[in-house]
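I have placed the structure first, in the form of structure tokens, so that the comments after it can refer back to it.
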Amino acid sequence: MVKSYQSLTCETAKHIKLIMADVDGTLNTGGDQVSPAVSDAIYQLQKNDIAVGLVSGRTDPMLRSMAMDLKIGGPLIAENGAVARLTPHGNLVDLGYSRQPALKGLEKLKACYPGRIWEREDNRDRMIDLVFRADGITPEEIKKCVGDAQVLDSTYILHIMQNGIAKGKTLMRLLGQMDGAAIGPDEVLVIGDSMTDLSTFKLFPESVLVPNPNIPEADRIILRNTASYISDHEAGEGFVEVALHIIHERT
């Protein structure tokens, strides 16, 4: 059973070197801005020698812009693990993924359900995955139609991409490439709110679920059974309370 974030011990807090946070539903409830409290919490974490990075379904340009605004220096993982940089100013890491499965899968969906699939404008900025909305089509029907591709639901939008791509898998790959002292999986805290974050919860022993009321109950149960800890509050406020607890436990 998932534990309260308040049970995260002093020993664990002092062991953390990197926090990787999802954006939508974790740092904010959508939109391009985070609250002053979230911004200050990130500043305080980095002041206490904890690097902060972003791991999101958003595009790389969107994450870079947010990282610059927040003065974040940690890794950026975009498109749910499909695109990554070791730092906001660094080059893209060659992960070896292809956009073709997403393009083919979306074509199949449009053929299966004419007039019921809508792409979002930011697909022009996406390198590997594609995002879309579906009118009255069940997840099971979508997955059956797309064939050799995976579909993820962030609760904000549907993502389609090559099989095998996952946030947690990409983050694990990045740890061995980071400059300076090596960071182990047990020195990373991951924070997220939805099924797109499940792979990080599975691969990293220190994980925090930020409750999201928009997620189906069945998915909430899975997330609660996988994450190590859970915050009391939802997006933004949940991140802040976890960050402040970690800082307090380190002092």
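Values computed for the structure shown
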| item | result |
| --- | --- |
| Normalised alpha carbon radius of gyration of the chain [divisor 2.2 N^0.38 Å] | 0.98 |
| Extension gain from residue 10 to residue 37, taking 0.36 nm per residue of separation minus the Cα-Cα distance | 7.4 nm |
| Projected area averaged over orientations for the stretch 100-161, convex hull of C-alpha atoms, nm² | 3.8 |
| Neighbour cut-off at most 13 other Cβ (10 Å), DSSP loop, trypsin sites (Lys or Arg not before Pro), the stretch 1-102 | 71 |
| Partnerless Cys - the chain, beta-carbon criterion under 4.7 Å | 10 |
| Share, in percent, of DSSP beta bridges within the chain that are antiparallel, nearest 5 | 40 |
| Over the chain, relative contact order from alpha-carbon pairs under 8 Å, at least 6 apart, % | 26 |
| Modelled FRET efficiency - R0 22 Å, residue 98 with residue 222, Cβ distances, 0.05 increments | 0.20 |
| Computed E for residue 138/residue 110 - FRET, C-beta separation, R0 22 angstrom, nearest 0.05 | 0.85 |
| Cα gyration tensor of the stretch 124-196 - equivalent ellipsoid semi-axes, whole Å, descending | 30, 13, 11 |
| Flagged links, alpha-carbon separation over 24 Å, of 3/71; 108/169; 110/169; 3/47; 17/167; 3/202 | 3/71; 108/169; 110/169; 3/47 |
| Relative compactness, the stretch 7-49, computed as alpha-carbon Rg over 2.2 N^0.38 Å | 1.33 |
| Extension gain from residue 214 to residue 249, taking 0.36 nm per residue of separation minus the Cα-Cα distance | 9.5 nm |
| FRET efficiency, residue 3 to residue 118 (Cβ-Cβ, R0 35 Å, nearest 0.05) | 0.30 |
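Any read-out appearing in this document is the output of simple, stated calculations on the displayed coordinates, not a laboratory observation. Note that the structure is predicted; figures quoted are calculated from it, not measured. Cβ sites come from the backbone with ideal geometry, for glycine too, and all protein chains shown count toward neighbours.
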